[in-house]
Amino acid sequence: MDRLWEQVQGALMQSLGAQNFEIWIRPIRLSNLTPHAVHLQVPNRYYRDWVQANYGPTMTDAFGRALGHGVELHFEIASEQAPVLAEADRPPQGSGLASQVDEGEFLEGPPLPPVLDEGRPPTEEVARSHASSTIGVSPDKVFDNFVVGASNQFAHAAALAVADQPGESQYNPLYIYGGTGLGKTHLLHAIGNEVRRRDPSARILYVTAEQFTNELIDALRYRRMSNFREKYRRWPAVLLMDDVQFLTGKDRTQEELFHTFEWLKERGRQIVFTSDVLPREVHGFEPRLRTRCESGMLADMQPPDLETLVAILHQKAADLGLDVTPDVARFLAARVRGNVREIEGLIKRLSALCKLHQAQPTIAFARLHLGNVLADEPHSVDAQEVIKAVASLFNVRVEDLMGSRRQRQLVRPRHLSMWLVREHTDLSFPDIGRVFGKDHATIHHACKKVAGDLPNDADLRGAVAAIRRSLGLA
Ligand code: ADP
Ligand code: MG
């Protein structure tokens, strides 16, 4: 059996090249051989899918030639084999997870082979990055293709700071929160990619809270806690955990996560969390974990304003090689307010349609072909409604917002209403000027001021969110 496997490996090395061979074939073990079948053991599902899809026929051929007759390949996943129960690996009865941590297990040693992430699309590029120093990090989500605007500027800056100096205590942990589709996951991967770009040997682990939970449950069930802790404690220099709101109420998971966190933080390793809500709003979040997050860096992400959405739309269109004029971009952006993911879908569809019809993406074309997916006139609030909502939130009179009195408590809401009108209506600066009885330069100035203040002013962002909610815009 060994000789056969050697012979086949030799042939595969020839046909696949040394590098592919090292990544994909070397980790495979020949576990059994029957007259018509070859059983191969691979590290995980991810590997299996990729190898099967890409090298299945080549491997079948190689075995066929070596054996002189056709065979079928069966892939088995090593981790699904019955676990070998080491006595020391068994959790002591009746004790919390914390007491099971044996520091000795995690003393620094030679780097562990990376564990491949499962369930990601097996592109070779992703796989290659996994085969080196990152787990789960998508190479295509980077800072370079993340569009920065007032709504995400703070989170972006915090993410950059972390990538610049991972483990620095002021930003450890970094906790990024905001609604769905706003770019939290993108930023998480961007941190991973940037750390890796600067230090290709840095070990970076991206995981969703859900995956962490599932792996923990498996580890407990199959008594593989030491493997689990190797992966989550000893291995990563940077742990990126997505969607911690899904930890809700899972006591053991939270306890394990807390100790993982403490362990990493003590050693100056970086942790970044994302969530759709604040730490105190994650239902049943382990209180110690909550206070740790609150004492680290909290960074919120708001729905992008129109300008940012337009910029994102341009970016996504450029990625697809689609040329979109500014007025088309604005037309589309105004009809998918808030959610970036929607924009991506829309632009992909538009690109496909343009190819199909060999047409340019004009507004008329978009109206005609995307009519069913575009909200008709979704954000049809008018200037008066916006001003009323602002007045009511700040407890001032509508006339005062429209007037010229320069008291501080009026100037701020006035500027904010100008900015919101610009954001949520089709009115131009001169149009808005007419509403407020000001010239267009004043409006322009006010809008710029608000956009500039937003990233650094959590109160202002809170006010914007509240007004948008009251207008049914968020
Ligand atoms: P979240 O994790 O907050 O739900 P994602 O990070 O998954 O959101 O973002 C949804 C999609 O929108 C992703 O494909 C992401 O690349 C894209 N996206 C979000 N924000 C931006 C941005 N500011 N610039 C470029 N792409 C973005
Ligand atoms: Mg996400």
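Quick look at the numbers
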{"quantity": "Single residue of the range 270-324 satisfying the filter (within 16 Å of ligand 2 (Cβ to nearest atom) and of a type outside the set (A, V, I, L, M)) that is nearest to the chain's Cα centre (by Cα)", "calculated": "274"}
{"quantity": "Any hit, the range 242-249, residues being away from ligand 2 (no atom under 16 Å from the Cβ), modelled with pLDDT of 90 or more and surrounded by fewer than 21 Cβ atoms within 10 Å (Cβ to Cβ)", "calculated": "no"}
{"quantity": "Residue ID - farthest from ligand 2 (Cβ to nearest atom), chosen from residues in the range 156-188 that are of a type in the set (D, E, K, R) and part of a helix (DSSP H, G or I)", "calculated": "164"}
{"quantity": "Looking only at the range 210-224, and only at residues there that are among the aliphatic types (A, V, I, L, M) and without any contact (Cβ under 8 Å) to a residue 60 or more places away in the chain, the one that is nearest to ligand 1 (Cβ to nearest atom)", "calculated": "216"}
{"quantity": "The range 250-276, residues that are over 20 Å from residue 234 (Cα atoms) and either at pLDDT below 90 or in contact with a strand residue (DSSP E or B) (Cβ under 6 Å, 6 or more places away or on another chain) (or both)", "calculated": "250, 251, 274, 275"}
{"quantity": "Breaking point among (1) assigned to a helix (DSSP H, G or I); (2) away from ligand 2 (no atom under 16 Å from the Cβ); (3) surrounded by 22 or more Cβ atoms within 10 Å (Cβ to Cβ), for residue 343", "calculated": "(2)"}
{"quantity": "Subset of the range 178-201 (residues that are at pLDDT 95 or above, hydrophobic (A, V, I, L, M, F, W, C) and either within 15 Å of the chain's Cα centre (by Cα) or within 16 Å of ligand 1 (Cβ to nearest atom) (or both))", "calculated": "187, 188, 190, 191"}
{"quantity": "Residue list for the range 254-313, filter: away from ligand 1 (no atom under 16 Å from the Cβ), hydrophobic (A, V, I, L, M, F, W, C) and touching an Asp or Glu at 6+ places or on another chain (Cβ under 8 Å)", "calculated": "257, 258"}
{"quantity": "Residues within the range 189-208 that are more than 11 Å from ligand 2 (Cβ to nearest atom) and in a helix (DSSP H, G or I), tallied", "calculated": "9"}
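The values are calculated or read from the model by the stated rules, or taken from the named source; none is laboratory data. The model shown is predicted, which means the values in this text are computed figures rather than measured ones. All Cβ positions, even for glycine, are placed from backbone atoms using ideal geometry, and neighbour counts span all protein chains on display.
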